[in-house]
Structure formats: structure tokens, C-alpha cells
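K.L.:
To start, I am sharing the structure in question, which I have written as C-alpha cells.
The values are calculated or read from the model by the stated rules, or taken from the named source; none is laboratory data. Not measured: the values here are computed from a predicted model. When we count neighbours, we look across all protein chains shown, and the Cβ atoms used for this are built from the backbone with ideal geometry, even at glycine. The protein model used for the area step is the full one, side chains on, heavy atoms only, and it has no ligands, DNA or RNA in it. Shrake-Rupley method; radii C 1.70, N 1.55, O 1.52, S 1.80 Å.
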Amino acid sequence: MMIILSPSKGQDFTPVAPSLPSTQPEFLEQANQLITALRGYNLDELRALMGISQPLAERTWQQIRNFVLPCSPDNAKQAIFAFNGQVYRNIRRTTYSQDTLLYAQEHLRILSGLYGCLRPLDLIQPYRLEMGYKLSTSQAANLYTFWGERITNSLNRAMHGEKHPVVINLASNEYTRGINKKQLNAHWIDVQFKEEKMGKLKTVVMYAKQARGMMADFLLRNRITHPSDIEQIACGGYTFNKDYSKKNLVLFTRSAT
């Protein structure tokens, strides 16, 4: 079973224990190509590309200029600890044993506009590059075209040899658009969390992100391998809703307040 998550804009590069293992991202060459393309933008162009405030553009501008290879514990941090948004604050990674971290390394992938596909222990540097940004390079008109089949192929390699490979999608549509599901050698299952009120369903993004983190945390801690076991999990008050679930969709609901 492979779990996939989106990255988060929120990042924390406070140093972690030096004894923690680390690995290099698979697509560092491609990440460097994207950084090179971003360095061709002036500050105003970068702000327009990303639709961000002036202070955030200045900080991102500096991150682009500070990016240098190779990634090392001196200039980078393991992805699962560096991302610090709502999803990741609900993955209790600081309490993980080394065995759980190594299990996550094999069964969790974080999609990224800059790095393509990350393992939890891959070292990353501070960045901001959402998959939906229309960044053009000498190779492609946008990031989806740039990454092409690379992310899909990476997932297939990671699951090669599994008897019944399954992808548990806890990522957003913006990032899963970068995966060619027709070329993916696995059964795809979307997991969603919605509020139910008077027979109508609605996604509240903040709460859904929290629940995604709780779900990922539970799957990793408990080494869940069979998709049907997911239905028994309760996250943030959400419970499995059989009526709205389908073959490729496991839907969790709770009553709206």
C-alpha cells in the first residue's frame, strides 16, 4: 500500500536530531532545472507568477537564490519534518520510532511542484512552488507537462513486486493531476472527508486537512495494508459513510456544527 500526500506551504526548518536518517530526492536534477527557470524571473514577475504578497515574494526570491546542491543536513531537512501545514501537524512524526520512519519511507510519498515525488526522509530545502503555477521552462509550458510521466513511473517503481498494489490518495486534486492513473499499476482509492448537513455534503478544507493527517498517521503507525481496514478508522469525528462510498472512493462524514 502506498499513501500519497500533498506538500504544505507551511515549512519549519528548525534542525532535527542529527541521528535521524536522511536520503536524497530522486529528481534533484529536475528540481535544479526548475530553480534555474525561476531564477530567470525578476521579483515582480515572481510575485505575479505565484500570486503572493510582496514580503512573501521577497522571501521566496531569497530561497530560490539560496538553493544549492547537494542537499545536506546543513542546508536541508527531511521532508516529513520540514512540512508543517495542517496535514503534517496531525502526523505525530516527532514520536515515530526509527522502524516507523523506515516503514513510512517505503509506504508514503509526498508530491511536490519542485521535487516531483518525495520520500519522507528525503532532504529538501526551503521552497515555494505549487504544482498549479504556470511556470514555463525550456522543456514545458507548465509543471504538469514538465513532470510528465515521471511521478507515475516513480510510484510504479516503488510498488513493483507488491502482489496487490494500492494507492491511498490523501492528496489534493492540484497534485494528483500530476499522476497518470491509466499508467499507474495499482488500484487507486480516494479518501475524502466531508461535513453532512440536511443531506448535503461539503468539504471544509481546514478540517479535511487535519483528518488527512490523522488518517496518514494511523495507517503508518498501524502498518495498515488492506483497503477494507480503512473503513474502521475514525479521524477527527469523521466516520465511514457506506452510502456515499464507491469502489474507488472511501468517504468519511460527520455532522456539520
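K.L.:
I'd like to check which helices (runs of 4 or more DSSP H) are fully inside the stretch 76-129 and have at least 1 residues that are polar (S, T, N, Q) and over 22 Å from Tyr207 (Cα atoms).
P.N.:
The qualifying helices (runs of 4 or more DSSP H) are 98-107.
K.L.:
Quick one: is Glu162 part of a loop (DSSP other than H, G, I, E, B), more than 19 Å from Phe83 (Cβ to Cβ) and among the acidic types (Asp, Glu)?
P.N.:
Yes.
K.L.:
For the stretch 145-159, which residues satisfy the criterion of being open to solvent by 60 Å² or more (accessible area, probe 1.4 Å) and either of a type in the set (A, V, I, L, M, F, W, C) or in a helix (DSSP H, G or I) (or both)?
P.N.:
Thr145, Arg150, Asn153, Arg157 - these are the residues of the stretch 145-159 that are open to solvent by 60 Å² or more (accessible area, probe 1.4 Å) and either of a type in the set (A, V, I, L, M, F, W, C) or in a helix (DSSP H, G or I) (or both).
K.L.:
Residues in the stretch 20-51 that are assigned to a loop (DSSP other than H, G, I, E, B) and of a type in the set (A, V, I, L, M, F, W, C): how many?
P.N.:
So the answer is 2.
K.L.:
Please find, among Asn173, Asn142, Asn84, Asn66, the residue that is modelled with pLDDT of 95 or more, closer than 18 Å to Ile3 by Cβ, open to solvent by 10 Å² or more (accessible area, probe 1.4 Å) and out of contact with any helix residue (DSSP H, G or I) (no Cβ under 6 Å at 6 or more places or on another chain).
P.N.:
Working: Asn142 fails: closer than 18 Å to Ile3 by Cβ; Asn84 fails: closer than 18 Å to Ile3 by Cβ; Asn66 fails: closer than 18 Å to Ile3 by Cβ.
Exactly one of Asn173, Asn142, Asn84, Asn66 is modelled with pLDDT of 95 or more, closer than 18 Å to Ile3 by Cβ, open to solvent by 10 Å² or more (accessible area, probe 1.4 Å) and out of contact with any helix residue (DSSP H, G or I) (no Cβ under 6 Å at 6 or more places or on another chain), namely Asn173.
K.L.:
Residues of the stretch 181-223 being assigned to a loop (DSSP other than H, G, I, E, B), of a type in the set (S, T, N, Q) and surrounded by 13 or more Cβ atoms within 10 Å (Cβ to Cβ), which ones?
P.N.:
Once the filter is applied, which keeps residues that are assigned to a loop (DSSP other than H, G, I, E, B), of a type in the set (S, T, N, Q) and surrounded by 13 or more Cβ atoms within 10 Å (Cβ to Cβ), the stretch 181-223 yields only Asn185.
K.L.:
For the stretch 16-35, give me the residue count where each residue is free of Cβ contacts under 8 Å to residues at least 24 places away in the same chain and open to solvent by 60 Å² or more (accessible area, probe 1.4 Å). Can you show your working first?
P.N.:
Initial filter on the stretch 16-35 (free of Cβ contacts under 8 Å to residues at least 24 places away in the same chain): 17, 19, 29.
Adding the requirement that they be open to solvent by 60 Å² or more (accessible area, probe 1.4 Å) leaves 19, 29.
Qualifying residue count for the region: 2.
K.L.:
Output the residues belonging to the stretch 87-110 that are surrounded by fewer than 20 Cβ atoms within 10 Å (Cβ to Cβ), of a type in the set (D, E, K, R) and within 15 Å of Thr23 (Cβ to Cβ).
P.N.:
Passing the criteria: only Glu106.
K.L.:
Looking at (1) open to solvent by 50 Å² or more (accessible area, probe 1.4 Å); (2) under 16 Å from the mean Cα position of the chain (by Cα), which is the only condition Pro126 fails?
P.N.:
Unmet for Pro126, out of (1) open to solvent by 50 Å² or more (accessible area, probe 1.4 Å); (2) under 16 Å from the mean Cα position of the chain (by Cα): (1).
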